[in-house]
Amino acid sequence: MTYSYELTLGLPHTNRRGLSETHLMKQAGHCHWQAIGAALGRPLAELRTVTGAKIYAAFYYVETIVPELRPLESFQVHDTVRFTIGLRAFKNLSLEGRVRVRAAAATIDEPGPDIRFANIFITPMKGNSDLKVAAPSAVDWSAIPPLPNADNPFHLTRAAKDGGVLGLLDDDWQAAAEPAAYRYQIDRDRDTNGAGLVYFANYVAFSDAAERALDPAGERSVRHRRIAYYGNADIDDRLTIRTVTFANPAQPRLIAYRHVVSRDSDGAFICLSEVIKAAQHVGRS
């Protein structure tokens, strides 16, 4: 079973170039949460543990693929897009969502961004820095197909934490510069969500800011991104983003980055991201 939602893009969803990746993540994540709530028969805000504690479907893995023929910049204000979501669940703890983003009037074969979300249910213990995995109580999972363990993104994220790579960049990609550190002070109003957590989608903006610090005049269009999350940060914490830039001689129009994010309060590693971008974006088709 799939779930479908439509949105007419406005100024809140776009930036100077078109559809913003950060705002796309927020809207796609919202539709994904709506789909989970519809499948479980109740809004996610009503989920509780067996002890009555609040519970959230936290994102722990995101993968975004954007085709060159339909980049984010080709979606503009007043365009209507459709989010189509398919869900799978691993036991009663984690969920996978496959999100197709297409123009509402697109044919079935028209290209567009594809997003893979993976969520795990957590409950805060002692603030944002201490999140405990917890299963929701009294929930009917029968409407969600099972996620085979072999397909579970958990294995990819665990391996990435140990190895420091997400597998997006093969041996053709070579480091083009020494690692650079960028520090970001979390804004407690702008960067948090209604659960009081630093919003998963804003890590895209944090990474983009680190890239821009390295190349202030550069214009990049995302083609493929993977993000793994290993924790969160308190709302007044500061992040250190260590960035390595990569080049591929066989694809000179592309550039890639690996971002390692830690929180300054205790130095904990909380996020790993790899992204491939095009040096020039394709205009509206």
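The values are calculated or read from the model by the stated rules, or taken from the named source; none is laboratory data. From a predicted model like this one, the values you see are computed outputs, not experimental measurements. Cβ coordinates were reconstructed from backbone atoms using ideal geometry, including for glycine residues, and neighbour counts include every protein chain displayed.
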Taking the criterion of being of a type in the set (Lys, Arg) and in a strand (DSSP E or B), would at least one residue in the range 75-91 satisfy it? yes
Would you call Ala160 touching a Leu at 6+ places or on another chain (Cβ under 6 Å), part of a strand (DSSP E or B) and of a type in the set (Gly, Ala, Ser)? no
Residue among Arg238, Arg226 that is in contact (Cβ under 8 Å) with a residue 24 or more places away in the chain and within 19 Å of Glu63 (Cβ to Cβ): Arg226
Residue within the range 47-54 that is at positive phi and either without any contact (Cβ under 8 Å) to a residue 12 or more places away in the chain or under 18 Å from the mean Cα position of the chain (by Cα) (or both) present: yes
When you scan the range 114-129, do you find a residue that is at pLDDT below 95, on the phi > 0 side of the Ramachandran plot, in a loop (DSSP other than H, G, I, E, B) and among the basic types (Lys, Arg), even just one? no
Conditions (1) of a type in the set (Val, Ile, Thr); (2) part of a helix (DSSP H, G or I); (3) more than 19 Å from Thr14 (Cβ to Cβ): number failed by Ile235: (2)
Output the number of residues of the range 1-56 satisfying the condition of being of a type outside the set (A, V, I, L, M, F, W, C), surrounded by 13 or more Cβ atoms within 10 Å (Cβ to Cβ) and outside any helix (DSSP H, G or I). 12
Just checking, does the range 203-217 include any residue being in a loop (DSSP other than H, G, I, E, B), touching a residue at least 40 places away in the same chain (Cβ under 8 Å) and surrounded by fewer than 20 Cβ atoms within 10 Å (Cβ to Cβ)? no
